[in-house]
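Engineer: Below you'll find the structure I mean.
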Amino acid sequence: MRFLSIYKTIERTTPPTPQEMANMGKLIEEGMKKGWLLGTEGCLPSALGARVRRSDGNINVTDGPFAEAKEVVGGFALLKADSKEEAIELARQFLKVAGDGECELRQLYDANAGPDQPACHEAAAVALKA
């Protein structure tokens, strides 16, 4: 199974220290070698970004920084895990290195798994409850 881990944190005004970069580099290298990390990227400050929103047929663009947000997306990782529980453990390991914040984990749809994959049935059950 593949999971998207979206890292949300309070936006920093300073770049990571060399030690923080080294610690994260070590975790990334380990994850790539062991095969549980498929890809990862960090985000530049929200001041360089924009939000594009569609509502009632209108598209609005808001340039950063996003001062109203308590937390912003700081980066993401694509994880390979055998279960949701394993993905949670990988997120715990990441947060020990990254520091304060949260990881939102979302299992990715696998078109090759077909309609019998458990996630499809779970998603359908959740949708029916809504």
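Engineer: I'd like to compare 65-71, 87-93: which one has the highest average count of other Cβ atoms within 10 Å, and what's the full order after that?
Structural biologist: 87-93, 65-71
Engineer: Across 10 Å bins from the origin, how do the percents of Cα pairs in the chain run, short distances first?
Structural biologist: Cα pair-distance distribution for the chain, in percent: 11, 33, 31, 21, 4.
Engineer: With only alpha-carbon atoms counted, please give the Rg and Dmax of segment 59-114, in Å.
Structural biologist: 15.2, 42
Engineer: Check which residues have an amide H placed less than 5 Å from Leu37's amide H, if you skip close sequence neighbours.
Structural biologist: So Leu37 has HN proximity to Met32, Lys80.
Engineer: Please sort 17-26, 102-111 by packing, taking for each peptide the average over its residues of neighbouring beta carbons within 10 angstrom, highest first.
Structural biologist: Ranking, from highest mean packing down: 102-111, 17-26.
Engineer: Size of the dipole of the chain about the Cα centre, Lys and Arg at +1 and Asp and Glu at -1 on the beta carbon, nothing else charged, in debye to 20?
Structural biologist: Values: 16 positive and 19 negative charges, 19 e Å.
Charge dipole of the chain: 100 debye, to the nearest 20.
Engineer: Here is a further query. Keeping to pairs on different chains or 8 or more places apart, tell me how many lysine pairs in the chain have Cα atoms under 24 Å apart.
Structural biologist: The number of close lysine pairs in the chain is 19.
Engineer: Let me ask you something else. Can you run phi through the Karplus equation (6.51, -1.76, 1.60; θ = phi - 60°) for segment 89-105 and list ³J(HN,Hα) in whole Hz, with x for Gly and Pro?
Structural biologist: Going residue by residue, I get 5, 5, 5, 4, 4, 4, 5, 4, 8, 6, x, 4, x, 9, 10, 8, 9 Hz, with x marking Gly and Pro.
Engineer: Next question. Tell me, what ³J(HN,Hα) does each residue in segment 43-50 have, in order and in whole Hz, if you take phi through Karplus 6.51 cos²θ - 1.76 cosθ + 1.60 with θ = phi - 60° and put x for Gly and Pro?
Structural biologist: 9, 6, x, 5, 4, 8, x, 8
Bear in mind that the values in this text are calculations on the coordinates, not laboratory data. Predicted model, so just to flag it, every value in this text is computed and none were measured. Quick reminder, even Gly has a Cβ in these numbers, built from the backbone with ideal geometry, and neighbours come from all protein chains shown.
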